[in-house]
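A quick write-up on the structure given underneath.
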Ligand code: GLN
């Protein structure tokens, strides 16, 4: 089973560790730059992207993660994690930086301006059993406002892309780690293994 790290500075780390284990990976938290060397892929959890950014810079994780992603390490970000994988963000904090990697612009708290959180059934491309809808939980979620030509849209909500893939990078506006449907994590495990 591939060893997949979960960035563990803030956010719903435990939920991702459990979902990755259920999806057949060996999951481990990553808190220090040295721990990055041991993982074949990285999950950036949901939480608060401004806090994740600030703590990563304080702990010396920002630059090593940015570099591993640029060098091709597979990564998956949910919600705040999606924000941190975007090349460009709107409504970020003044000095907020992202790891980047996915050629897209996302707007923070975009759905949250209308309604703080909601759930909806989505059709998500690339999952097992594609006809079975995925129950997607959105919590102060970002949406995608601009996408590069090489970025694939896997799902939309209200017309906005909410699940995207760019090579070996995956991002969702919603939180599959809080439901017991592990198909998004299974897709990421296949991506890390090179099977998808
Ligand atoms: N609004 C949060 C942010 O900007 C993301 C919310 C979440 O991850 N549930 O980082």
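The values are calculated or read from the model by the stated rules, or taken from the named source; none is laboratory data. Quick caveat: nothing in here was measured; it's all calculated off a predicted structure. So basically every Cβ, Gly included, is an ideal-geometry build from the backbone, and we count neighbours across all protein chains shown.
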Practice problem: Give me a count of the residues in the stretch 1-21 that are in contact with a helix residue (DSSP H, G or I) (Cβ under 7 Å, 6 or more places away or on another chain), more than 16 Å from the ligand (Cβ to nearest atom) and not in a strand (DSSP E or B). | Solution: 2
Exercise. Can you confirm whether the stretch 91-99 contains a residue that is more than 9 Å from the ligand (Cβ to nearest atom) and touching a residue at least 60 places away in the same chain (Cβ under 8 Å)?
Key: no
Quiz item: Taking into account only those residues within the stretch 57-69 that are more than 16 Å from the chain's Cα centre (by Cα) and away from the ligand (no atom under 16 Å from the Cβ), which is surrounded by the most Cβ atoms within 10 Å (Cβ to Cβ)?
Solution: 61
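For the structure I just gave you, tell me whether residue 132 is at pLDDT 95 or above, touching a helix residue (DSSP H, G or I) at 6+ places or on another chain (Cβ under 9 Å), closer than 22 Å to residue 15 by Cβ and part of a strand (DSSP E or B). Break it down into steps so the answer makes sense when it comes.
Numbers: at pLDDT 95 or above: yes; touching a helix residue (DSSP H, G or I) at 6+ places or on another chain (Cβ under 9 Å): yes; closer than 22 Å to residue 15 by Cβ: yes; part of a strand (DSSP E or B): no.
When the stated conditions are applied, residue 132 does not pass them.
Report the residue count in the stretch 36-56 for those that are more than 30 Å from residue 94 (Cβ to Cβ), without any contact (Cβ under 8 Å) to a residue 60 or more places away in the chain and crowded, with 16+ Cβ neighbours inside 10 Å. Outline the logic, then answer.
Quick first cut of the stretch 36-56, residues more than 30 Å from residue 94 (Cβ to Cβ) only: 37-41.
Narrowing further to those that are without any contact (Cβ under 8 Å) to a residue 60 or more places away in the chain: 37-39.
Then keep just the ones that are crowded, with 16+ Cβ neighbours inside 10 Å; that gives 39.
Here the count works out to 1.
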Practice problem: Please verify whether the stretch 72-86 includes one or more residues that are surrounded by 16 or more Cβ atoms within 10 Å (Cβ to Cβ), modelled with pLDDT under 95 and in a helix (DSSP H, G or I). | Solution: no
Quiz item: Which condition breaks for residue 41 when tested against (1) within 13 Å of the ligand (Cβ to nearest atom); (2) more than 13 Å from residue 8 (Cα to Cα); (3) in contact with a helix residue (DSSP H, G or I) (Cβ under 7 Å, 6 or more places away or on another chain)?
Solution: (1)
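Sort through 189, 106 and tell me the only one that's in contact (Cβ under 8 Å) with a residue 12 or more places away in the chain and within 16 Å of the ligand (Cβ to nearest atom). Don't jump to the end; show me each part of the working.
On the way: 189 fails: within 16 Å of the ligand (Cβ to nearest atom).
It is 106.
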Quiz item: Any residue in the stretch 102-109 that is crowded, with 23+ Cβ neighbours inside 10 Å and out of contact with any strand residue (DSSP E or B) (no Cβ under 7 Å at 6 or more places or on another chain)?
Solution: no
Practice problem: Considering each of 184, 164, 144, 115 in turn, give the residue that is assigned to a helix (DSSP H, G or I) and either at pLDDT 95 or above or out of contact with any strand residue (DSSP E or B) (no Cβ under 6 Å at 6 or more places or on another chain) (or both). | Solution: 184
Self-check item: Among (1) surrounded by fewer than 20 Cβ atoms within 10 Å (Cβ to Cβ); (2) at pLDDT 95 or above - the single one residue 20 does not satisfy
Solution: (1)
